[in-house]
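K.L.:
One structure is given below, represented as structure tokens, and several questions about it will come after.
Only the coordinates and a few stated rules stand behind these numbers; no lab work does. On a predicted model such as this, the values are computed, not experimentally measured, just so you know. Heads up, the Cβs are rebuilt from the backbone with ideal geometry, glycines too, and the neighbour counts pull from every protein chain shown.
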Amino acid sequence: MSEQTKRIAILGSTGSIGEQTLEMVRTHSDRLSLVGLAAGRNARRLSEQAAEFGVKLLALADESAAAQAQVPGARVMAGATGICELVEAAEPQLLICAISGVAGLRPLLAALEAGVDCALANKEPLVAAGAIVTDAARKSGARLLPIDSEISAIFQCLRGENPAEVEKILLTASGGPFSGLTADELQQVTPERALDHPTWKMGRKVTIDSATLANKGFEVFEVHWMFGVEVRQIEVVVHHQSVIHSMVQFQDGSVIAQMGPPDMRVPIQFAIFYPERLANDLPRMSPADIGSLTFARPDTERFPCLRLAFSAARAGRSYPAVLNAADEVAVQAFLDGRVAFMRIPELIERALEEHQAFEVRTLAEVEEADRWAREHVRGLI
Ligand code: NDP
């Protein structure tokens, strides 16, 4: 092991971001050593990954799946607490957080409290518990590094800049696969159609969130918490080509944009090796082939999830945790064929309207709001 080898662990290793991170580990095997892997229930894939990379510390959230993971010489921890135990036992220098949903919150906090730097793809913890997460990082001195391409773009635009000189964040959105559909057509969208995203190959939940624009709303929370920018300073801009990954406007009117091919391996690599930019042979962007770039305002009439996210972000207290949990339940119900596509924003809006908000200062209070929203939305369905 060379002196420069970085010890990394991946939570959500069997998913889209997890697999692309493993590709980076293969490519840069001289610089990285993998010390822990965790996932939800895919014991077969987790076992294959452990065998390939010789990882001895594993965890699966699903206890019966954990019993099935057979890796000679490896310790397999089980359940949500098993994932936190893995973080502690593996002692990574960098934790890749790529679990889907708020399930990633507890292990993220465990890592931050232990002073471990975290590269964050998993945005739901920042939606539900942004203040708690950023406080934990501040207290221990652990760094939060973005993987999400838009947030990575902003992070890169802010390099070397004075944060006090930022006027506005221009958060770009591909618009999702349905930006051209009418309100009536949106009523007919099926899970199969929604899962077919034009630009990114992602997990099921984030793909649906991209189609409803809830994902863009969640990124508003990421920007707010990661960069300490006020919600009113964040503007969403629809940019169909997904070439500009976001922009920062400064108080002198200058705008800095970060561009690149729409390939998650670029921001993943940047987060892993930050502040270094390592050479790679990933595809390059060709401006002449792209031709022109377009920009437009988002339509929050047809895509109310974005409006709901902005209002929950402004309202604060327990509303963001309710927004997140209501979305998780509504998206799952849509994927299961139990509700129509446009019921997703309806259910979130009902949950937000019918919620009696309270102050959220602790993890227990976040979980209380989360539980209330899940039960409430299930009742509405
Ligand atoms: P996937 O659905 O592809 O993967 C999710 C991963 O999380 C899988 O490894 C899954 O394990 C694991 N998982 C699910 N539930 C649990 C649980 N309760 N406990 C532990 N592990 C669990 O999602 P993505 O990789 O697409 O996305 C992951 C996160 O990154 C999301 O928050 C998403 O918003 C964010 N993101 C994704 C991007 C992308 O391009 N994919 C871009 C930017 C952000 P198993 O398969 O075994 O069930």
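K.L.:
So between GLU161 and GLU346, what do we pick up on full extension, going 0.36 nm a residue minus the alpha carbon distance?
P.N.:
Working it through step by step, the gained length comes to 62.6 nm.
K.L.:
Now for a different question. Output the peptides 331-341, 281-291 sorted from most to least packed, where packing is the average of other Cβ atoms within 10 Å over each peptide's residues.
P.N.:
331-341, 281-291
K.L.:
I've got another one for you. For LEU145, list long-range residues whose amide hydrogen, built 1.01 Å from N in the peptide plane, is under 5 Å from its own amide hydrogen.
P.N.:
CYS118, ALA119, LEU120
K.L.:
What FRET efficiency, computed as 1/(1 + (r/R0)^6) with R0 = 45 Å and r the Cβ-Cβ distance, is obtained for SER292 and ALA131, rounded to the nearest 0.05?
P.N.:
Given R0 = 45 Å and the Cβ-Cβ separation, E is 0.65.
K.L.:
Follow-up question, since we're still on this one. Within 10 Å of each residue's Cβ, count the other Cβ atoms and sort PHE303, PHE295 from fewest upward.
P.N.:
Going from least to most buried by this count: PHE295, PHE303.
K.L.:
Would you mind telling me the antiparallel percentage of the DSSP bridges in the chain, rounded to 5?
P.N.:
Approximately 25 percent, going by the DSSP bridge assignments.
K.L.:
Relative contact order for segment 62-141 using alpha-carbon pairs under 8 Å, separation at least 6, rounded to a whole percent?
P.N.:
25
K.L.:
Multiply the residue separation of LEU282 and GLU48 by 0.36 nm, subtract the distance between their alpha-carbon atoms, and state the gained length in nm to one decimal.
P.N.:
That works out to 81.8 nm of additional length.
K.L.:
Still on this structure, please answer the following. For a quick check: with amide H placed at 1.01 Å from N, whose amide H comes under 5 Å from LYS6's, ignoring anything fewer than 5 positions away on the same chain?
P.N.:
Amide H neighbours of LYS6, under 5 Å, 5+ apart: LEU32, SER33.
K.L.:
Once you have all Cα-Cα distances for the chain, histogram them in 10 Å bins from zero and send the whole-percent values.
P.N.:
In whole percents, the pair-distance histogram is 5, 24, 34, 27, 10, 1, 0.
K.L.:
Any chance you could list P(r) for segment 245-362, counting all Cα-Cα pairs in 10 angstrom bins from zero, rounded to whole %?
P.N.:
Going from the shortest bin to the longest, the percentages are 10, 25, 26, 30, 9, 0.
K.L.:
Please count, across the chain, the pairs of lysine residues with Cα atoms under 21 Å apart that sit 8 or more places apart or on different chains.
P.N.:
Close lysine pairs found across the chain: 9.
K.L.:
Rank these for me by crowding, SER210, SER64, SER47, going from fewest to most other beta carbons within 10 Å.
P.N.:
Final ranking by Cβ density, sparse to dense: SER64, SER47, SER210.
K.L.:
Along the Cα-to-Cβ line of GLU230, 7 Å from the Cα, sits a label point; which residues in segment 293-327 have backbone N less than 11 Å from it?
P.N.:
none
K.L.:
Could you calculate, for segment 74-195, the ratio of the Cα radius of gyration to the Kirkwood radius, expressed as Rg to Rh?
P.N.:
1.07
K.L.:
Sticking with this structure for a sec: Apply the Kirkwood formula to segment 153-283: the hydrodynamic radius equals the inverse of the mean of 1/r over all pairs of different alpha-carbon atoms; give it in Å with one decimal.
P.N.:
After inverting the pairwise mean of 1/r, the radius is 16.1 Å.
K.L.:
Right, here's the next one. Quick one: check the C-alpha center-to-center distance for segment 139-209 versus segment 1-61, whole angstrom.
P.N.:
Result: 25 Å between the Cα centres.
K.L.:
Explain nothing, just compute: Karplus ³J(HN,Hα) = 6.51 cos²θ - 1.76 cosθ + 1.60, θ = phi - 60°, for every residue of segment 159-171 in order, whole Hz, x for Gly and Pro.
P.N.:
4, x, 9, 8, x, 5, 8, 6, 9, 7, 9, 9, 8
K.L.:
Calculate the length of the line joining the C-alpha centroid of segment 111-129 to that of segment 315-365, in whole Å.
P.N.:
21
K.L.:
Right, here's the next one. Under the rule of at least 5 residues apart or a separate chain, name every residue whose amide H is placed under 5 Å from the amide H of ALA173.
P.N.:
Hits under the 5 Å cutoff: VAL237, VAL238, HIS239.
K.L.:
How do THR134, THR172, THR294 line up, fewest other C-beta atoms within 10 Å first?
P.N.:
So the residues, fewest neighbours to most, are THR294, THR134, THR172.
K.L.:
Return a whole-number percent for the relative contact order of segment 184-341, with Cα pairs under 8 Å and 6 or more residues apart as the contact set.
P.N.:
33
K.L.:
Pick out which of ALA315, ALA183, ALA279 has the largest mean-square fluctuation in a Gaussian network model of the chain, springs linking Cα atoms closer than 10 Å.
P.N.:
Ranking ALA315, ALA183, ALA279 by mean-square fluctuation puts ALA279 first.
K.L.:
With a cut-off of at most 12 other beta carbons within 10 Å, and DSSP calling the residue loop, which trypsin sites (Lys or Arg not before Pro) in segment 166-272 qualify? Please list them.
P.N.:
LYS201
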